[in-house]
Amino acid sequence: MRDDTSTAAGLSVLLGPLRRRVLRRSRELADLPDLPEAQVELLRVLTDRGPLTPSQLAETLHLARSTISNLLRVTGVAGLTERSSAGGDLRVVNVSATGSARSLLARYDRASATTLATAANRLSPQDQAALPGVVAVLGRLLAALQDEDESDEGVTSPPVAG
């Protein structure tokens, strides 16, 4: 962003409340359960890439293994994830999203699209015309952050002298 930290700061301040507002309105619109965002992201990864091992999930989502275990316990009880042995090796477990989880995500996506389209219709024609470009830029921003994450994974911190 060159030297324009005010734009970066403004974007940072807006992203969280925007996402929470869209989720809240989408849940109300489609009478959806109040899944925490971490569960939604876990289910998205499993739907897009699954089945995966818990370790692969932790690495993909950049979460602690214990956090993944807790998420899998809760989503398993809710019937949103299921475990299976990997290729006959009972020591390795694969996790996948259930049909219920895929259906729930599709409902979330439809409700989110409707929520955003309704709000966008209240914008000026100029703002509406700018939205496709904004979406493209946000996609590239996400890709740049993902590239940073991937390049940081190969870097180890130096030991702390004690």
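The values are calculated or read from the model by the stated rules, or taken from the named source; none is laboratory data. These numbers come from a predicted model, not from an experiment. So basically every Cβ, Gly included, is an ideal-geometry build from the backbone, and we count neighbours across all protein chains shown. For accessibility, only protein heavy atoms count, side chains too; no ligands or nucleic acids. Shrake-Rupley method; radii C 1.70, N 1.55, O 1.52, S 1.80 Å.
Structure notes:
- Note on residue 28 and residue 86: with the Förster distance fixed at 35 Å, the Cβ-Cβ geometry gives a FRET efficiency of about 0.35.
- Distant-in-sequence amide H partners of residue 53 (H built 1.01 Å from N, under 5 Å): 95
- Protection proxy ranking of 137-149, 41-53, 24-36, by the mean of other Cβ atoms within 10 Å over each peptide's residues and highest first, is 41-53, 24-36, 137-149.
- Per residue, in Å², the accessible surface of the chain once ligands and nucleic acids are set aside, probe 1.4 Å: 69
- Projected onto their three principal axes, the Cα atoms of the chain cover extents of 58, 51, 27 Å, largest first.
- HN-Hα J in Hz across segment 34-42 - Karplus 6.51, -1.76, 1.60, θ = phi - 60°, x for Gly and Pro: 8, 6, x, 4, 4, 5, 4, 5, 4
- Relative contact order for the chain, counting Cα pairs under 8 Å that sit 6 or more residues apart, in percent: 22
- Vicinal HN-Hα couplings computed from phi for segment 105-112 (Karplus, 6.51 cos²θ - 1.76 cosθ + 1.60; Hz; Gly/Pro x): 5, 5, 5, 4, 5, 5, 5, 5
- Under the Karplus curve 6.51 cos²θ - 1.76 cosθ + 1.60, θ = phi - 60°, whole-Hz ³J(HN,Hα) for segment 45-57, x wherever Gly or Pro sits: 4, 5, 5, 6, 10, x, x, 9, 7, x, 5, 5, 5
- Förster radius 22 Å - calculated FRET efficiency between residue 93 and residue 150, Cβ distance, rounded to 0.05: 0.30
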